[in-house]
Amino acid sequence: MSSTPIEDYAVLGDTATAALVSRAGSIDWLCLPRFDSPACFAALLGTREHGRWLIGPSDPSARSTRRYVGASFVLETLHETPAGRVRVTDLMPVADGRADVLRRVEGLEGTLRLRHDWVVRFGYGRTRPWISRHTDVKDGVEEQIITAVAGPDMLVLRGTRLPRGQDGHHVDEFDVAAGESLTFSLTWLPSHRPVPRRFDVAERVRDTLDISERWAARNRYAGPYAAAVSRSLLVLRVLSHAVTGGIVAAPTTSLPEDFGGERNWDYRYCWLRDAALTLESLLGCGYVDETRLWRNWLLRAVAGDPEDMQIMYRVDGARQLPERELDHLPGYACSRPVRVGNGAVEQRQTDVLGEVMMALELAREAGLGETTDSWHLQRALVNHLAAHWQEPDHGLWEIRGPERHFTHSRVMVWVALDRAVRAVERHGLHGPVDRWRAIRDEVRREVLARGWDEERQTFVQHYHTSEVDASLLVLSAVGFLDGDDPRMLGTIRAVEQELMRDGLVRRYRTSTGVDGLAGDEHPFLACSFWLVTAYAKAGLLEQATALMDRLVALCNDVGLLPEEYDPAGGRMVGNFPQAFSHLTLVTAALAIAEAAGKDVHAAP
């Protein structure tokens, strides 16, 4: 089974969910109405029989190019053959409380034949819906529509020219001549609700562009790699739920880290760590309101006993994410199993509170005041960590082997306590600062004694190994060590020697068996961006810029990055687009600008 290359996809989004559309014009992945809802188009992880929505050239030799319109996720794709040229505009309208996909076809030159294939399969490609064509009447106006219903879900297809039913598909082929225009729309709604009114297409496009441009205009970053930073910030926004405040790691599940292997995970949830790091990137570029929204989400999600805090939650803050395998899907590039839910939700990952406290400290410095509840929650979580910090954990890589004392986790314990101390000392908040300060200093002494390999002159992955780990590259970024500290420089050298593959950085050596999984994985892009930041903090600006140039060049034609990259095969790997890759791109650019002594913040 041949799968569309990951880099051939673009993302559409309405800040509630997202779709992946291929260069050929096929929407192969869409979960409605929310990121973590079941998919109604799941061809990404199977075949067209698992659901897709194609509007694209009938001629497979057609040349297709695309771009996002301005600072939006309104996608324009030009399809060309010697006979003609057509523009297809795809978008998910934002800020209207609906769940729609809009597709507009415009003939530009000559005549081009297009194929329309609408295949709905609810429940991640498993369930064929009941489909009917009928006449809808609103305000005395008749309109032909197609509805697809299964259980609680309904999809409504409208269009200038509706496809015909054929063996579970709805298909059509038609010519588009210069000057002609056709419009199609897809709307999700609960199946017990009446069909909603049709909308004004031009108004939806205009409003979506206007809202997107106004959000992008708040970006204060004006340093190097500004275009890549801008698009990355937009990706982080499109992965953030505008109502609940939850921030997902990626809009997809089970795009493999090892083609044909078992390293396939569901990233459509809200990791506290990833969300906190996302906020750091947004705050670094002038976005503060998003932090308030996420902090309110955090208060709701974590509310209760600190002992019960999870590392991830659903988009609405719900706690149940049971992991299961979808045996009916063959998987992307035959990579099985396909998983939904995530078993790592049960893990202990001691580093998480460090990232959260670091982000909230940056928010305080940016002028976001604490509420009584927000500080009481932080204080309770820090006190709980202070009582349990010596326990081993699974680490930020969600190791599915035994718990260990991971050096990165211990450093992030130090960060959590350090930011709590700062909250008291600098911002006048109340807490047992003497106790926090004493434990913070004890943690630091332990890390320097047990996490450091004097013979090899590097920090190590955990206290009982001589292996290194790319997470050690963040020690200078979080303030544990100065960037030019000899111990930091030694760790950078060890990572270069042991974890780099074709100039990019892997997370760790999978051959050690530390993660309890079969197979290998490719370089993890966030780790390479961490190396850029570490270089910059160390004053190694030439190395930082050279690696950053290479990484930015790995973005696809519309500026998106995956989780990993296969340099030998020249292809993207893993869930896509990946928040972790884009947020570390932003922080790497900020680090380079700071090292170069540039003022990177434009005037409001």
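The values are calculated or read from the model by the stated rules, or taken from the named source; none is laboratory data. All of these numbers come straight from a predicted model, not from anything done at the bench. Here Cβ is always computed from backbone atoms with ideal geometry, including for glycine, and neighbour counts include all displayed protein chains. Heavy atoms of the whole protein, side chains included, go into the accessibility calculation; ligands, DNA and RNA do not. Shrake-Rupley method; radii C 1.70, N 1.55, O 1.52, S 1.80 Å.
Taking +1 at the Cβ of each Lys and Arg and -1 at the Cβ of each Asp and Glu, which of Gln578, Ala593, Val478 sits farthest along the dipole of the chain towards its positive end, judged by Cα position relative to the Cα centre? Comparing the listed Cα positions along the dipole, Gln578 ranks first. Close amide H partners of Gly84, meaning residues 5 or more places away or on another chain with modelled amide H under 5 Å apart, are Thr111. What shape does the stretch 131-185 have by the C-alpha gyration tensor, where a ≥ b ≥ c are the square roots of the eigenvalues, rounded means a/c under 1.5, and otherwise prolate means a/b greater than b/c and oblate the rest? Verdict is oblate for the stretch 131-185. Against the chain, whose longest principal axis is taken from its Cα atoms, helix 226-238 shows a tilt of about 80°.
Once backbone amide H atoms are built at 1.01 Å from N, Phe41 has Leu30 as its partners under 5 Å, excluding neighbours fewer than 5 places away on the same chain. Anisotropy class assigned to the stretch 114-209 is oblate, per the alpha carbon gyration tensor with a/c at or over the 1.5 cut-off and a/b no larger than b/c.
Along the stretch 504-514 the Karplus relation, 6.51 cos²θ - 1.76 cosθ + 1.60 evaluated at θ = phi - 60°, assigns HN-Hα couplings of 10, 9, 8, 5, 6, 8, 5, 5, 6, x, 4 Hz to successive residues, with x for each Gly and Pro.
Residue separation of Arg456 and Arg435 scaled by 0.36 nm, minus their Cα-Cα distance, works out to 4.2 nm of gained length. Is the shape of the stretch 1-118 best called rounded, prolate or oblate, per the rule: a/c under 1.5 gives rounded, else a/b larger than b/c gives prolate, else oblate, with a ≥ b ≥ c the square roots of the Cα gyration tensor eigenvalues? Oblate. 3J(HN,Hα) couplings calculated from phi for the stretch 267-273 with the Karplus curve 6.51 cos²θ - 1.76 cosθ + 1.60 (θ = phi - 60°) are, in sequence order, 10, 8, 10, 9, 6, 4, 4 Hz; Gly and Pro show x.
Compared with the dominant principal axis of the Cα atoms in the chain, helix 541-552 is inclined by about 30°. Between the helical axis of 201-216 and the longest alpha-carbon principal axis of the chain there is an angle of about 10 degrees. In a DSSP loop and with at most 15 other Cβ atoms within 10 Å, the GluC sites (Glu not before Pro) in the stretch 440-501 are Glu454, Glu455. Our coupling estimate for the stretch 454-461, obtained by passing each phi through the Karplus curve with A = 6.51, B = -1.76, C = 1.60 and θ = phi - 60°, is 5, 5, 8, 6, 7, 6, 10, 4 Hz, Gly and Pro reported as x.
Site pair Arg214 and Gln166 shows an inter-label distance of 4.5 nm when each label is modelled 7 Å from Cα along Cα→Cβ. The largest accessible area among Ser132, Ser185 belongs to the first residue in Ser132, Ser185, and the rest follow in falling order (1.4 Å probe, all chains).
For Asp453, the residues 5 or more places off, or on other chains, whose built amide H falls under 5 Å of its own are Thr458, Phe459, Val460.
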